[in-house]
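Coordinate-derived values only; no laboratory data. All values derive from a computational prediction rather than experimental measurement. Cβ placement follows ideal geometry from the backbone for every residue including glycine, while neighbour counts extend to all protein chains displayed.
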Amino acid sequence: MKKSLAYKIIESHLVEGKMIPGEEIAIKIDQTLTQDSTGTMAYLQLEAMGVDKVKTKRSVAYIDHNTLQTGFENADDHAYITSVALSHGVYVSKPGNGICHQVHLERFGAPGMTLLGSDSHTPTAGGLGMLAIGAGGLDVAVAMGGGAYHLLMPEIINIELRGGLVNNTAAKDVILEVLRILSVKGGVGKIIEYSGEGVQTLSVPERATITNMGAELGATTSIFPSDHITKRFLIAQGREQDFLELKADEGAHYDHKIVIDLSKLEPLAACPHSPDNIKKVSELKDIKVDQVCIGSCTNSSYLDMMRVAAILKGKTIAPNVSLTISPGSKQVLSMLAQNGALYDMINAGARILESACGPCIGMGQAPKTDAVSVRTFNRNFYGRSGTKSAQVYLVSAETAALTALHGHFVSPKDYFTKTIEVKMPEKFLINDNLILKPEDFQDIEIVRGPNIKPFPINTKLTDKVSGKVLLKMEDNITTDHIMPSDAKLLPFRSNIPYLSEYCLTPIDSEFPQRAKKEGGGFLVAGNNYGQGSSREHAALVPLYLGIKGVLALSFARIHRDNLINNGILPLEIIDPQDYQDLSQDDELVIENAPQQVLSGKVEVKNITKNKIIKTELNISERAKKLLVAGGLLNSVKNS
C-alpha cells in the first residue's frame, strides 16, 4: 500500500494495535509540552504516579498562559511548575520567552517525531512535519513517565493545495476555508494531511498557522511534509541537524480527499460565535470595529509581525480602535526591536503586549460592552474574550492591521495593488537565555504555594449508578462553557474546590449549587460535547461535583478522553429522540454498571418517565476497563 506521511509516522511509533480506522492503537511519544494553565495539574499527576525522571527524548514546560500576576496565585504556580519540572528532567521556558507553540516550532520541534501536549493547539508543530497531538494533562503525564499514548486510529484526509495565494490572501484564509468546508466537528476522528504544489508556496510559519487551527475542526492533528522549506527554516534556527525529509508516497492511500485552489481564495473571517461561521471580509465592510488584537499561537510569527508592521508603517490607527499586538516569542520581539519594525507598530498607535497568550484566552484586553473585536486568534466562542456581549471575528494578520487603520473591516484584496513582500530571514536571532535546562540544576526543592490543592480521584465504578439530570445542554458545548477560563479564574487552575463554584455557570449560574445539593448526578448534551480547549479541568471539576456520567449525542475527542481518564461515563445516545425526551431533574439509574460498561452497551433507566435510554461507549476495551477502575490514575497505580 502506498502510505501517507501521517501513516508512516504512526507506523514507526506503533507499540500496540492495528492501524485500522476506529481501532485503538498506542504510539510511543518522543516529546511532550505542557503550559501553566494545564501544567500544574499534569505535574501533580506525574508526582502521584511516582515517576522520578521523564523518559521522553525532550519534555518542555512553558509558562505562557497565566502571566497576569494580580495576586500570589500565578507566581506560586510558576514556582511549582519550574521546580517540579526541573527536578524531573524537564526543560522550562520562563515567562516572557513566548507562547509554547511558537517557541516549540522555533527551538524544539523536529520532523518525524511525535509530540503530545497538554494544549489543544499542539498540532501547530505539524507545520514542521511532526505528528503533534493535543491531549489532557494526565495523558501527557503518562507519556512523560514513558507510557504510550492510546488513541483510536484516525482516518486520514488529504487536502491537496493547488496554485498559490494571491492578492494578500493569507494562510489564515486557507484554514478558514477548510473550516467552512468541514465545520467544527468535521475533523473528529481524522488527521488532516496537506499535499500538492501549493504546499511549496507556504513557509513553515504559514503552515503552522494552518495546522494550529486544525484543532478547531476537532481533528486529531494536521501535518505538512518536511521539505526544502522546512530545512531552510531549521537552518535559520541553527537546528539543521533536526531536519529529516518526509513526504507521502506517490499515490498514497487516503480515506477522503479535498482540493483547494489557493489562487481562488480571498480574505475570510470567522464570524461570531464559532470558527466555522465563515464569510468573506468584503461582505463585512460596513461593520464598525472597536478593538483589534493581533497575536496568539495562530498568527504571531516573525512573518506575521513584519507584514503587520509594513501595513502600519507611517500611519495611525483609527480613532475608534484599540489595537494590541502580542509577538509570539522573545525571538520575534527581539528581532522586531532590532530591525525597527517595533517602532513602526508603536508609532502607529499599537499597544505592545508581552509575548504570551494574553487576550486569546481572556487574560486581559476584554473589549467594551457590545464591542466588535477583530482578532487573529483561533477561537471566538461566546464570552471567551471576557465580555459576553462582544462580537468577536477571526481574521488574518493582514486583514486585522488594515481594519485597525480604517475602523471598519477592510479586505486586503480590495486595498492593495500588489502583494506585501516579507522575506524569511536567513538566520533568526537565537538567544535561549530564558530556557532553563534541567542538567544545570541539582538538588531542587519543589515549591508548593497555598493555592495548590489536591485534585479529585475517582473510585471504582459501583454496581449501581444513579442520580438526577442536573443540566440539559445543546450542541457544540465547549470546554469554555464547562469550565470558564478567564483572567479571574486562571490563577486557580490548581484549586479545584474554588473552580467548582464556576462550573457550567455560563449556561446556568445555579448549576454548582444544584450539583452540590443533589450530591452529583448526570449531564445531558447534544452533538460535539466538549469541543475546544484540552483543559482537563472540564472533567476534573465535574468529578469534584459528583458528575457520574454525560449522556450526549456525540463527544469531542480530547474531552471524551479526559472524561474516561477521570472515570466519568461518556455515554453516546443512540436515538436522537431520547435526547429530546430527556429533561432536567429526570431521575436516572444504571444497573450492573461495570458489566454494561465492559459490554459497550449501556441501558440507562429514566425512572421519572419510565423508559429505557439506549447508549453506547464508542471506545476501546482498554478505555472501558479504565472506566470500571475509576480512571487512568487508579489503573496506573494498581498495575
Semi-axes of the range 5-264's equivalent ellipsoid from the Cα gyration tensor, sqrt of 5 times each eigenvalue, largest first, rounded to whole Å?
30, 21, 17
Note the per residue figure in Å³ for the convex hull of the C-alpha positions in the range 309-392.
86 Å³
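Taking only DSSP H segments of four or more residues, each worth -39500 (n - 2.57), what value at 222 nm results for the chain once the sum is divided by all its residues, to the nearest 500 deg cm²/dmol?
On the way: 22 runs with 189 residues, N = 639.
One gets -8000 deg cm²/dmol as the mean residue ellipticity at 222 nm.
Only four residue types carry charge here, +1 at the Cβ of Lys and Arg and -1 at the Cβ of Asp and Glu. Report the dipole size of the chain about the Cα centre in Debye, rounded to the nearest 20.
Charge dipole, the chain, about its Cα centre: 260 debye, nearest 20.
Say R0 is 60 Å: what FRET efficiency, to the nearest 0.05, do residue 432 and residue 592 get from their beta-carbon distance? Could you put the intermediate results ahead of the total?
On the way: r = 57 Å, r/R0 = 0.94.
For residue 432 and residue 592, the calculated efficiency is 0.60.
Based on other C-beta atoms within 10 Å, arrange 384, 58 from fewest to most.
Numbers: 384 27, 58 18.
Final ranking by Cβ density, sparse to dense: 58, 384.
What is the diffusion coefficient of the chain in µm²/s, taking the Kirkwood radius over Cα pairs and the Stokes-Einstein relation at 10 °C with a viscosity of 1.306 mPa s? Intermediate values should be presented prior to the final figure.
Values: Rh = 24.6 Å.
The estimated diffusion coefficient comes to 65 µm²/s.
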Calculated over the range 110-209: convex hull of Cα atoms, volume per residue (Å³):
108 Å³
How do 484-491, 343-350 rank on mean C-beta neighbours within 10 Å, highest first?
484-491, 343-350
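What is the fewest-to-most order of 253, 88, 408 by other Cβ atoms lying within 10 Å of their Cβ? Could you put the intermediate results ahead of the total?
Numbers: 253 13, 88 21, 408 17.
Lowest count first: 253, 408, 88.
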Which of the GluC sites (Glu not before Pro) found in the range 1-45 are loop residues per DSSP with 11 or fewer other Cβ atoms within 10 Å of their Cβ?
23
Which percent of Cα-Cα pairs in the range 350-407 sits in each 10 Å bin, short to long?
23, 57, 20
Dividing the alpha-carbon Rg of the range 472-550 by 2.2 N^0.38 Å yields what?
0.99
Here P(r) for the range 268-414, Cα-Cα distances in 10 Å bins, as whole percents, is 13, 47, 34, 6
Listed residues 224, 176, 336: farthest to the positive end of the dipole of the chain (Cβ charges)
336
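Please give the peptides 65-78, 96-109, 122-135 ranked by average Cβ packing (other Cβ atoms within 10 Å per residue), highest first, as a rough proxy for protection.
Numbers: 65-78: 19.4, 96-109: 27.4, 122-135: 29.9.
The peptides rank, most packed first, as 122-135, 96-109, 65-78.
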Which order do peptides 210-223, 178-191 fall in by mean Cβ count within 10 Å, highest first?
210-223, 178-191
Enter the mean projected area of the convex hull around the alpha-carbon atoms of the range 1-152, in nm², rounded to one decimal.
8.9 nm²
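Exposure proxy check: 140, 292 ranked by fewest other beta carbons within 10 Å?
Taking fewest neighbouring Cβ atoms as first place, the list is 292, 140.
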Env charge @ residue 33, Cβ radius under 12 Å, K,R +1 / D,E -1, value -2
Radius of gyration and Dmax over the Cα atoms of the range 1-89, both given in Å
17.3, 58
Cβ-Cβ cut-off under 13 Å around residue 145, Lys and Arg +1, Asp and Glu -1: the net charge is +1
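Summing Lys, Arg as +1 and Asp, Glu as -1, what charge do residues with Cβ under 14 Å from the Cβ of residue 63 carry, residue 63 excluded? Numbers along the way, then the final one.
Details: positive: 94, 330, 493; negative: 36, 64, 73, 76, 77, 119, 354.
Neighbour charge sum, excluding residue 63 itself: -4.
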